[in-house]
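Participant: Take a look at the following structure, please.
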Amino acid sequence: MTLSGTALVRKRERVQPRAVDLLAWYDRHRRTLPWRAKPGEAPDPYRVWLSEIMLQQTTVRAVGPYYARFLERFPSIEQLAAAGLRDVLKLWAGLGYYARARNLHACAKAIVEQHRGTFPRTIAELTALPGLGPYTAAAIAAIAFDAHATPVDGNVERVVTRLFACEEELPAAKPAIRQLAEGLTPEARTGDFAQALMDLGATICTPKKPACALCPWNAACAAFRRGDAESFPRKAAKPEGELRRGAAFVVVRADGYVLTRVRPDNGLLGAMTEVPTTAWTPEFDGRRARDEAPLPATWRRLPGVVRHTFTHFPLELTVYRAEVPPGTAAPEGTRFLPLSEVAGEAFPNLMRKVLASAGIDPRPTDPPGRSPQRGRTHR
Ligand code: SF4
């Protein structure tokens, strides 16, 4: 059944969760989060924005240390805007989805240059900034400015589809879910309501085994009454991208360096650091991999492959390692990085896996709690 039109309206008339019940629950059970204003405090738009960007596709637990380091290094938007992109990427390394870090930096610059360092308040102005889509703009508008906006992320989708037992599959159901979520949003305390929905999804209405007995909306929840809450939201099967393969070349110089290069600014893992690799293609021919090695050396193919899954395709890299004499010059477009600087370099997680497979300690790596899920199912 597609929950739309009159069916949707009838269902809403029959089952109407009240914002006041959720807000009362929030007042008692709200989570304490580093970026969240305490009761009675005014929210800081910079902190709200920073946390919202970091939390996309990532969990609260994973974001915590990154958020603390960012805030320590860039306590204000002016300081973030004045920083170099490489410094921002280095602090971001390990959080994944690196376009977010580039947009974060571009957004800070735009706010300083176009808005004198003050966050705009309207959804239209916010969505005009780099990296701010409808969700983030609505979250900032609601949480930082108490504007009448309804941020709908994966948690909210889950809660809403269960409340109304939406049978329509995601992603087609998104407009209907948005409509339902907006219908729940009160006129006042919109920021608290948005955060209450996020907290409910993160702590009570969880993907598996939701704690419906503790839910302030259980009397109004259609899925709870039916006893099949876990089966929501319905999701269309996701077509998997075609497997791509390639080779990565780890060159260790005997005086304590590893050969690296920087990826182009735009595109996948843009501006991040990597070891030289072949192209990544479905047609990759492993027998010819060594022809593309960055320099002549005695190459050793390491056992196994490094696997990584990007949003739109899985990847397998065969890793080759070579040792070269001290002082060996780096080929054009590459540079030798001291091994002591590997941990702080802007290597994406894929490259940290490659380095680890070649016996180089690449920490810090993925923080614990990183969500394997796609989409905004964080918190
Ligand atoms: S009753 Fe259960 S399924 Fe329904 S909204 Fe609450 S936690 Fe989610």
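The values are calculated or read from the model by the stated rules, or taken from the named source; none is laboratory data. Because the structure is a prediction, the values reported are computed rather than measured. Every residue, glycine among them, receives a Cβ derived from its backbone with ideal geometry; neighbour counts consider all protein chains shown.
Participant: Of these, Tyr66, Tyr26, Tyr46, which one is hydroxyl-bearing (Ser, Thr, Tyr), closer than 17 Å to His105 by Cα and modelled with pLDDT of 95 or more?
Facilitator: Tyr46
Participant: While we're here: Would you be able to tell me the number of residues in segment 229-248 that are acidic (Asp, Glu) and either touching a residue at least 60 places away in the same chain (Cβ under 8 Å) or under 30 Å from Arg290 (Cβ atoms) (or both)?
Facilitator: The number of residues fulfilling the criteria is 2.
Participant: Name the single residue that is nearest to the ligand (Cβ to nearest atom) among those in segment 160-186 being surrounded by fewer than 17 Cβ atoms within 10 Å (Cβ to Cβ) and small (Gly, Ala, Ser).
Facilitator: Top of the filtered list is Gly183.
Participant: Identify the single condition in (1) within 8 Å of the ligand (Cβ to nearest atom); (2) surrounded by 14 or more Cβ atoms within 10 Å (Cβ to Cβ) that Ala211 does not satisfy, given that it satisfies every other one.
Facilitator: Every listed condition holds for Ala211 apart from (2).
Participant: I would also like to ask the following. Please specify each residue of segment 306-342 satisfying the condition of being buried (at least 17 other Cβ atoms within 10 Å of the Cβ), part of a loop (DSSP other than H, G, I, E, B) and among the aliphatic types (A, V, I, L, M).
Facilitator: Ala330, Val342
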